[in-house]
Structures are given as structure tokens and as C-alpha cells.
């Protein structure tokens, strides 16, 4: 197996020219050092965006896959004691690189799990959108978490109330009954309460953005005003006005 670290010496580390992680395999062909660097940059930006964005953003599958493979392969090498020409100091550097990437991956996952737990009713009520946004593992977590939370609510509270108060709009999220049948048996007040339970995050929150590429004039929804977004500039703006630009990676949240 070819390894780009074979020809490195200490000068490479001192000058900062050594690659940060080892060969990564997401397919039969290992991605280049530039692809791995791009994966780190993309996931770092995605993590920052996720921490600031009021809604959960699309999962960065490509970057996560590349970095997970990189960490797994390098960890296996370190567990075998590394290569014959590796010094203890070099092994320590490689281990630190693995730890930094693991921190990035875990921090990214934690920020998303927090939002799934916070908005589980909203996400579960919009399954198609959730499937397009979450990873397979995250969607499975959403399903299990929803069932546990609603099951606990029924067991500890709703089952002890008079029957007329036991209905919960989000029951449709765990019941096989059709939503139309549920709505037919509820009055308007109940339906309004049900919508409130499954409300999603507010897109009216003000955020600070940095423009990655020139966008030009955009219309601020609800304000009938236009603003010009220029590359390299930062702006304070409502999230709803630039939500799609964040997902298109034309602006980033800071």
C-alpha cells in the first residue's frame, strides 16, 4: 500500500508541509491530500453552521465518510505500532491528528443530536424532509427517541387523565391511524394545540454571516427590502432570508 508519509522527515512537520491525516479509502481509490483537506474544511464549516443555525442542516455525508475512513485507517496503523521508521514523536503527532479529527466529528454529531432531541416532534411530523436532511443513523435515532418520549408521556401523564384529555396531536407520529381520522375527532382548539406541539425552529432569528461568493441583490422576506451580498463581507440578517444560501454553501454562519 502506498502511503504519502513514507517520504516525510521531521523538516516536513517543522515547516507545516506534512499532510494532516493518512491515506483514506472511501472507495477502491484513496482520495488525494487535497480532497482530505477539503473534507476537514467542509466539516469545520458545517459544524460552525450547525451550531448557529436555528434548524438542522443537511448532513455532510461526503466529508464525514472521508474523515471517518482516515481516522480508522490511521488508528489501525498506530495500534500495530506504526511503521519501522516511525519515531515515538511521529507516532504522537499522528495520534494527535486522529484525536483532532475525532473531536471535529463528535462535535458535529453532538450539535445535530441536540437539535433532533429539541425538535423531534417537528422532524417526525415532516418525515420526508427529515429523511432528506438526516443521515440514516440520525433518522433511526429520531424514530426511537420519539417513541420513547411519547411513550413516557403517555405512561406518566396522559394515562392518568380523563379520557377527553388524553389526546395528543403528536400521537399521529407513533400511531398507525390516519391523520385525517385523528383530526376528525378533535375540535379546533385541540388542532391548534397540536400544531403548536410540532412547531419547528424560528427562521426569524438574526444571524451573522460571511459571504463566500458574490451573490448580488436578494430580497429580505417580509421586509420588502433588498440587500447586496458581496464576497468577503459580513452581515447581520434574519436566518430565513439566507437559509437556502447556507445550504448551497454560498454563505457561512459565524
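In the list 114, 120, which residue meets the criterion of being without any contact (Cβ under 8 Å) to a residue 60 or more places away in the chain, buried (at least 17 other Cβ atoms within 10 Å of the Cβ) and either within 18 Å of the chain's Cα centre (by Cα) or in the same structural domain as residue 60 (by TED's automatic domain parsing) (or both)?
Values: 114 fails: buried (at least 17 other Cβ atoms within 10 Å of the Cβ).
The conditions single out 120.
Is it true that residue 50 is assigned to a loop (DSSP other than H, G, I, E, B) and modelled with pLDDT of 95 or more?
When the stated conditions are applied, residue 50 does not pass them.
Hey, can you tell me all the residues within segment 221-254 that are loosely packed, with under 15 Cβ neighbours inside 10 Å, in contact with a strand residue (DSSP E or B) (Cβ under 8 Å, 6 or more places away or on another chain) and within 23 Å of residue 51 (Cα to Cα)?
231, 232, 233, 234, 236, 254
Can you find, within segment 160-173, the residue that is surrounded by the fewest Cβ atoms within 10 Å (Cβ to Cβ) among those that are at pLDDT 80 or above and not in a helix (DSSP H, G or I)?
Per the stated criteria, the residue is 162.
Quick one: which residue in 34, 77, 96 is at pLDDT below 90 and either in contact with a strand residue (DSSP E or B) (Cβ under 6 Å, 6 or more places away or on another chain) or surrounded by fewer than 15 Cβ atoms within 10 Å (Cβ to Cβ) (or both)?
34
Do we find that residue 107 is crowded, with 17+ Cβ neighbours inside 10 Å and either closer than 23 Å to residue 39 by Cα or in the same structural domain as residue 71 (by TED's automatic domain parsing) (or both) in this structure? Talk me through it step by step, then tell me what you get.
Values: crowded, with 17+ Cβ neighbours inside 10 Å: no; either closer than 23 Å to residue 39 by Cα or in the same structural domain as residue 71 (by TED's automatic domain parsing) (or both): yes.
The answer is no for residue 107.
If you check residue 25 against the conditions, is it assigned to a helix (DSSP H, G or I) and either modelled with pLDDT of 80 or more or assigned by TED's automatic domain parsing to the domain that holds residue 111 (or both)? Reasoning before the result, please.
On the way: assigned to a helix (DSSP H, G or I): no; either modelled with pLDDT of 80 or more or assigned by TED's automatic domain parsing to the domain that holds residue 111 (or both): yes.
For residue 25, the condition - assigned to a helix (DSSP H, G or I) and either modelled with pLDDT of 80 or more or assigned by TED's automatic domain parsing to the domain that holds residue 111 (or both) - is not met.
Could you check, for segment 187-196, whether at least one of its residues is surrounded by 12 or more Cβ atoms within 10 Å (Cβ to Cβ) and either modelled with pLDDT of 95 or more or assigned to a loop (DSSP other than H, G, I, E, B) (or both)?
No, segment 187-196 has no match at all.
The values are calculated or read from the model by the stated rules, or taken from the named source; none is laboratory data. No experiment lies behind these values; they were computed from the predicted model shown. Virtual Cβ from ideal backbone geometry, glycine too; neighbours counted across all protein chains shown.
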